[in-house]
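Input: a single structure, listed below in structure tokens.
Please treat every number below as a calculation from the coordinates, not as lab data. Since the structure is predicted, the reported quantities are computational estimates derived from the model, not experimental observations. So basically every Cβ, Gly included, is an ideal-geometry build from the backbone, and we count neighbours across all protein chains shown.
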Amino acid sequence: MPAKKISWTFSSFISLSHHDLYQLLKLRQDVFIIEQNCIYPDIDNLDQFSHHLLGFNNKLLVAYLRLVPPGKKFNKPSVGRVIIAKNERKKGLGDELVRMGLQKAKELYGNQDINVEAQAHLQEFYYRIGFRKISDSYDVDGILHIKMVLNHS
């Protein structure tokens, strides 16, 4: 379990405050672009259709994921942009974040299967949660990824 109490917010894009939107874009930039040294189009025209789960520690965003509806990225709903701030990792927060995201996905989309396009080195993390690999590794912007699915049927 996380050492600190995290307050969770789940929002549609239109319901995000300007401050929360800024924080989530900054966290995504800090991790996916700067830390991973990967230049890629993070702002991909999916955010405005998605729902966003934000985890705050004293008003600072430390955990984030987005739920993309079916038909926008994949035929099935998907979990993506899963991030834990660097100083909050290895505390169990990732498991809590993804499980909460899956709970929200079930509320929104029922018992549909859920996809994730995961960085390949995170396969075991997603496997523990119940996802299964459905593709070979492939390159996305210089980082190996795999497609995984969580079956509800």
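What are the chymotrypsin sites (Phe, Trp or Tyr not before Pro) within the stretch 103-137 that DSSP puts in a loop, where the Cβ has at most 15 other Cβ atoms within 10 Å?
Details: sites: Tyr109, Phe125, Tyr126, Tyr127, Phe131; in loops: Phe131.
When the chymotrypsin sites (Phe, Trp or Tyr not before Pro) of the stretch 103-137 are filtered for loop state and at most 15 Cβ neighbours within 10 Å, nothing remains.
Going highest first, how would you order 91-101, 40-50, 22-32, 60-70 by mean Cβ packing within 10 Å?
On the way: 91-101: 18.5, 40-50: 13.1, 22-32: 16.5, 60-70: 21.4.
Ranked from most to least packed, the peptides come out as 60-70, 91-101, 22-32, 40-50.
Can you work out the base-10 log of I(q)/I(0) for the stretch 7-110 at q = 0.11, 0.14, 0.20, 0.21 1/Å, using the Debye formula on its C-alpha atoms alone?
-0.31, -0.51, -1.07, -1.18
With labels modelled as points extended 7 Å from the Cα through the Cβ direction, what inter-label distance (nm, one decimal) is found for Asn75 paired with Ile14?
Rounded to a tenth, the inter-label distance reads 3.0 nm.
As a check on your grasp of the helix formula, calculate [θ] at 222 nm for the chain: sum -39500 (n - 2.57) over DSSP H runs of n ≥ 4, divide by the residue count, round to the nearest 500. Don't skip to the end; give the middle numbers.
Numbers: 3 runs with 35 residues, N = 153.
That comes out to -7000 deg cm²/dmol.
Obtain the nm distance between the two label points defined at Ile129 and Lys90 by a simple spin-label model: each point lies 7 Å from its Cα along the Cα-to-C-beta direction.
Placing both labels 7 Å beyond Cα along the Cβ direction yields 2.1 nm.
Roughly how big is the stretch 7-110's charge dipole about its Cα centre, with Cβ charges of +1 (Lys, Arg) and -1 (Asp, Glu), in debye to the nearest 20?
Values: 15 positive and 10 negative charges, 46 e Å.
So the magnitude is around 220 debye.
If Lys and Arg each add +1 and Asp and Glu each add -1, what is the summed charge of the other residues whose beta carbon sits under 11 Å from the beta carbon of Leu61? Please list the in-between numbers first.
Working: positive: Lys26, Arg28, Lys59; negative: Asp20, Asp30, Glu88.
That works out to 0.
To the nearest Å, what is the center-to-center distance of the stretch 13-61 and the stretch 82-98, using C-alpha atoms only?
Answer, in whole Å: 15.
Apply the a/c threshold of 1.5 to the C-alpha gyration tensor of the stretch 61-153 and tell me whether it is rounded, prolate or oblate.
Working: a/c = 1.56, a/b = 1.11, b/c = 1.41.
Taking the square roots of the gyration eigenvalues as a ≥ b ≥ c, the stretch 61-153 is oblate.
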